[in-house]
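The values are calculated or read from the model by the stated rules, or taken from the named source; none is laboratory data. Since this is a predicted model, take the numbers as computed values, not measurements. No Cβ is skipped: glycine too gets one built from the backbone with ideal geometry, and neighbour counts run over all protein chains shown.
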Amino acid sequence: MEGGRRDHHTMTVLWGTQEIIVAEFHKKIKEAFEVFDHESNNTVDVREIGTIIRSLGCCPTEGELHDLIAEVEEEEPTGYIRFEKFLPVMTEILLERKYRPIPEDVLLRAFEVLDSAKRGFLTKDELIKYMTEEGEPFSQEEMEEMLSAAIDPESNSINYKDYITMMVIDEN
């Protein structure tokens, strides 16, 4: 009988911890959502969802983001996402640790592959070339946003070690 009670106690503690984690996630999601809820009516423009998700430390691909939006959008797309539909989906994403950022060492290796001359930087032109010709192409808006954050205006290049450090710190 003793063992059964202990198991029950452990489950209760775990369940309590889970509830605290969920409550914490709800608070974070609400805060992130409210930044873009300009009308204060519990809705945000569908185009802001990617920014909200990234601000919560998740990095979905464009395809994953598209699927996610389809899941939380109304039956008749209105261009807006309601908080009460977004909250449970986003909570589950955070609980399952989906769309986690890529670890720093993996990012560094990826940049080093592109930097075949091992200079420690990529020029703006090289970066634009990789962003538009390789893999899933970036939109003009995404590209401008990244370039403005990544490119050193004086050298017109990206010192990727510094950039990765900045990105990783930003995520926490």
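When F138 is evaluated against the numbered criteria (1) in the same structural domain as N41 (by TED's automatic domain parsing); (2) surrounded by 14 or more Cβ atoms within 10 Å (Cβ to Cβ); (3) in a loop (DSSP other than H, G, I, E, B), which criterion, by number, is the only one it fails?
Going through the list (1) in the same structural domain as N41 (by TED's automatic domain parsing); (2) surrounded by 14 or more Cβ atoms within 10 Å (Cβ to Cβ); (3) in a loop (DSSP other than H, G, I, E, B), F138 breaks only (1).
When the residues of the range 33-51 are narrowed to those that are part of a helix (DSSP H, G or I), touching a strand residue (DSSP E or B) at 6+ places or on another chain (Cβ under 7 Å) and without any contact (Cβ under 8 Å) to a residue 40 or more places away in the chain, which ends up farthest from K85 (Cα to Cα)? Let's see the steps before the verdict.
So the first thing to find is which residues in the range 33-51 are part of a helix (DSSP H, G or I), and the list is 33-36, 46-51.
Now restrict to residues that are touching a strand residue (DSSP E or B) at 6+ places or on another chain (Cβ under 7 Å): 33, 36, 46, 49.
Still in the running and without any contact (Cβ under 8 Å) to a residue 40 or more places away in the chain: 36, 46, 49.
Working: F36: 16, V46: 12, I49: 12 Å.
So the residue we want is F36.
For the range 108-123, check the following and say yes or no: at least one residue is out of contact with any Phe, Trp or Tyr (no Cβ under 7 Å at 6 or more places or on another chain), under 23 Å from L65 (Cα atoms) and free of Cβ contacts under 8 Å to residues at least 40 places away in the same chain.
Yes, there is a match, as at least one residue in the range 108-123 is out of contact with any Phe, Trp or Tyr (no Cβ under 7 Å at 6 or more places or on another chain), under 23 Å from L65 (Cα atoms) and free of Cβ contacts under 8 Å to residues at least 40 places away in the same chain.
Any residue in the range 127-153 that's within 19 Å of L65 (Cα to Cα): show its pairings with residues that are hydrophobic (A, V, I, L, M, F, W, C) and outside any helix (DSSP H, G or I) at Cβ separation under 6 Å, as long as the two are six or more apart or on different chains.
Filtered contacts from the range 127-153: M131/F138.
Go through (1) under 14 Å from the mean Cα position of the chain (by Cα); (2) at pLDDT below 85; (3) in a helix (DSSP H, G or I) and name the single condition Y130 misses.
Here Y130 clears every test but (1).
Evaluate the range 87-95: report whether one residue or more is hydroxyl-bearing (S, T, Y) and in a helix (DSSP H, G or I).
Yes, the range 87-95 contains at least one residue that is hydroxyl-bearing (S, T, Y) and in a helix (DSSP H, G or I).
Taking L14, is it at pLDDT 90 or above and part of a helix (DSSP H, G or I)? Show your work before the answer.
Details: at pLDDT 90 or above: no; part of a helix (DSSP H, G or I): yes.
Judged against the criteria, L14 is not a match.
From the set of residues in the range 82-107 that are free of Cβ contacts under 8 Å to residues at least 24 places away in the same chain and basic (K, R), which is surrounded by the most Cβ atoms within 10 Å (Cβ to Cβ)?
Here the residue is K85.
For the range 60-75, enumerate the residues that are free of Cβ contacts under 8 Å to residues at least 12 places away in the same chain, under 17 Å from V44 (Cβ atoms) and assigned to a loop (DSSP other than H, G, I, E, B). Spell out how you get there, then give the answer.
Of the residues in the range 60-75, the ones free of Cβ contacts under 8 Å to residues at least 12 places away in the same chain are 66-67, 70, 74-75.
Keeping just the survivors that are under 17 Å from V44 (Cβ atoms) gives 66, 70, 74.
The answer is E74, and nothing else.
For E74, are the conditions met, namely being surrounded by fewer than 17 Cβ atoms within 10 Å (Cβ to Cβ), modelled with pLDDT under 90 and over 14 Å from M90 (Cβ atoms)? Even if it seems obvious, please write down each step before you answer.
On the way: surrounded by fewer than 17 Cβ atoms within 10 Å (Cβ to Cβ): yes; modelled with pLDDT under 90: yes; over 14 Å from M90 (Cβ atoms): yes.
Answer is yes for this residue.
Being assigned to a loop (DSSP other than H, G, I, E, B), under 22 Å from K161 (Cα atoms) and modelled with pLDDT under 90 is true for just one of G57, G120. Which residue is that? It would help to see each step written out before you state the result.
On the way: G120 fails: modelled with pLDDT under 90.
Only one candidate qualifies: G57.
Here are some conditions: (1) within 17 Å of the chain's Cα centre (by Cα); (2) without any contact (Cβ under 8 Å) to a residue 60 or more places away in the chain. G79 meets all but one. Which one does it not meet?
G79 satisfies all of (1) within 17 Å of the chain's Cα centre (by Cα); (2) without any contact (Cβ under 8 Å) to a residue 60 or more places away in the chain except (1).
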